[in-house]
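Okay, so here's the structure we're looking at.
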Amino acid sequence: MAVLRFDNVSKQYAGGRVALSEVSFDVAAGEMLFLTGHSGAGKSTLLKLVHLAERPSRGAVVFNERNLLKVRGRRVALHRREVGVVFQDHRLLTDRSVFDNVALPLILRGLRRGEIGKRVRSVLDRLGLGDRERSLPTQLSAGEQQRVGIARAVVGEPRLLVADEPTGNLDPTLSAEIMALFASLPERGTSVLVASHDLGLVKRMKKRVLVLDHGQLVDDIAPEDLADE
Ligand code: ADP
Ligand code: ADP
C-alpha cells in the first residue's frame, strides 16, 4: 500500500514561479527514499505539499488514500500528527528543555503526563539523548540538536517522516550518523522521505532516489542501480 502518492502535481507560486511541474510518484508504507536536485529544484516545495504548508496548483497529493485537497481547517492539525517534519535548522524552542521540546507534540495532543514522560524518555534513549533531557538546546552540539529535532518529529509515531536538508549544518560524520538514524525508522512503521542536495551522502545510503530538476521529476533510481562510490 502507498502511504504517499503524487499524481501529476504542479505548483506555481504567486508571481509566476513554477516550482513543480506534473510530478508523479508513490511511496510504499515502510519505505525510505531520498529527494535530491540542485538548489531551487523544488525539493522544499514538494515536502511542504506533504505537510500542508503549501497547496498544489494542480494535481493531487494523496496520503494514506486520502486526497489532501479535502484536508482543510481543523483536519490540517490531525493530518500533521501523521507526518513528522525535520527542518535543517531544527526549530527547537531555545528556552525550553530537551524534554519539553520533545513532549510538545504530545502535550498538544492532550496525552496524560505519565504517558508523555514514558514516550519522551523512550525516544530520547533510542536517539542517544537519555542524559540530556534537562539540557537547553543551546547547551547541545549541532548533532545533538538535530537529534532532538528528530525525536520531536517521531515521538508521535507518524506514518511518514519528511526531512528538509536535515544534515545541511553538520559535518560528514554527523551527517552519516543522522542518516543512519532515519534508516532505522521504517522498521518501526514510519516511512521516510529526506530531501538533500548532498548527492555523495545520498548515494552511500543505497536507497531509492527521486531527482528533481527545475520542478520536474527527471529520475527515480532504484537502490540496486546506484553506482558504487
Ligand atoms: P529547493 O528546496 O529544491 O531548493 P524550493 O522548493 O525551495 O527548491 O524552490 C523551488 C522554486 O520555487 C524556486 O525557484 C524558488 O525560488 C521558488 N519558491 C520557493 N518558495 C517560494 C515562495 N514562497 N514564493 C515564490 N517562489 C518560491
Ligand atoms: P489552516 O487551517 O492551517 O490555515 P488551510 O487548509 O486553511 O489550513 O490552509 C493550509 C495552506 O493552504 C495555507 O498555506 C493556505 O494559504 C493554503 N490554501 C488554503 N486554501 C487554499 C486554496 N483554495 N487554494 C490554494 N491554497 C490554499
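Brief remarks follow.
- Taking other residues whose beta carbon is less than 15 angstrom from the beta carbon of PHE63, and scoring Lys, Arg as +1 and Asp, Glu as -1, yields +4.
- Computed over segment 1-129, the ratio Rg/Rh where both radii use C-alpha atoms and Rh is Kirkwood: 1.01
- Neighbours of SER191 by Cβ distance under 9 Å: Lys/Arg scored +1, Asp/Glu scored -1, total 0.
- Peptide ranges 113-125, 32-44, 63-75 listed from the most packed, as the mean C-beta count within 10 angstrom indicates: 32-44, 113-125, 63-75
- Rounded to the nearest 20, the size of the Cβ-charge dipole of the chain about its Cα centre is 1380 debye, with Lys and Arg at +1 and Asp and Glu at -1.
- Charge tally for GLU177 (other residues, Cβ to Cβ under 13 Å; Lys, Arg +1; Asp, Glu -1): 0.
- Between the amide H of GLU31 and those of VAL192, distances stay under 5 Å, these residues lying 5 or more places away or on another chain, with hydrogens modeled in the peptide plane.
- P(r) of segment 94-157 over all Cα-Cα pairs, binned every 5 Å from zero, in whole percent: 4, 21, 35, 25, 12, 3, 0
- Of the residues GLY73, SER97, THR36, the one whose Cα sits farthest toward the positive end of the charge dipole of segment 22-111, with +1 on the Cβ of Lys and Arg and -1 on the Cβ of Asp and Glu, is GLY73.
- Taken along its principal axes, the alpha carbon cloud of the chain reaches lengths of 46, 46, 36 Å, longest axis first.
- Between the amide H of ASP213 and those of VAL218, distances stay under 5 Å, these residues lying 5 or more places away or on another chain, with hydrogens modeled in the peptide plane.
- Coupling constants for segment 27-40 follow from the phi torsions by the Karplus curve (6.51 cos²θ - 1.76 cosθ + 1.60, θ = phi - 60°), and in residue order they are 10, 6, 4, x, 8, 10, 8, 10, 10, 10, x, 5, 4, x Hz; glycine and proline get x.
- Computed [θ] at 222 nm, deg cm²/dmol, the chain (DSSP H ≥ 4; -39,500 (n - 2.57); rounded to nearest 500): -9500 deg cm²/dmol
- Our summary gives the chain a relative contact order of 28 percent, counting only alpha carbon pairs under 8 angstrom and 6 or more residues apart.
- Only lysine pairs 8 or more places apart or on separate chains count here, and in the chain those with Cα atoms under 24 Å apart total 10.
Each reported figure results from applying straightforward, stated rules to the coordinates on display, with no laboratory input. Just so it is clear, the model here is predicted, and its values are computed rather than measured. Neighbour counts run over all protein chains shown; Cβ positions are idealised from the backbone, glycine included.
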